[in-house]
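Here's the structure we're looking at; comments come further down.
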Amino acid sequence: MASFNKVIIMGNLTRDPETRQTQTGSFVTKAGLAVNESIPDGSGGYRDQAHFFDVVFFGKQAESFAKWFKKGSPVLIDGRLSYSTWEDKESGAKRSKVEVVGLRWHFVGGRDQQGSGGGAPAVSSQEPSFPNKGDFVPDDVPF
């Protein structure tokens, strides 16, 4: 049977990314992501419900993710889901977790919303100047 494991998720970081290096020098960065969902409140309106996910990046993606993002930064992540199980050392209970293994990340929002001041170019607050409605003649279309 064929299988497919792909996730695209967008939200805000709940904590600063934590980066460490393995013994071989490869980077591993972990972060938390909050994603809001608008759900009906039963009285004709909507309320936001937050969902929280753990995200991990490896290699160069991990290194650059930690450089550009901080707590509160909006981000879009393209990756896959990973399921892990282990035995709790203190209680001996079986534990499990699903996390997003990020393959790529993308800036979302303007420059003022990114960690470390990087990101998408700032959006101008000036309105673009268009010709007056009376100046437009359909024959002037260049294509």
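Summary of computed values
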read-out	value
Per-region count, the stretch 1-36, residues crowded, with 16+ Cβ neighbours inside 10 Å and small (Gly, Ala, Ser)	3
Filtered residues of the stretch 21-35 (kept if over 15 Å from GLY79 (Cβ atoms) and of a type in the set (Val, Ile, Thr))	THR22, THR24
Tally of residues being surrounded by 10 or more Cβ atoms within 10 Å (Cβ to Cβ) and either on the phi > 0 side of the Ramachandran plot or in contact with a strand residue (DSSP E or B) (Cβ under 6 Å, 6 or more places away or on another chain) (or both) across the stretch 42-57	10
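Read-outs: derived from the displayed coordinates by stated rules, not from any lab. In this text the structure is predicted, and so the values were computed from the model without any measurement. Positions of Cβ are generated from backbone atoms using ideal geometry, with glycine treated the same way; all protein chains shown enter the neighbour counts.
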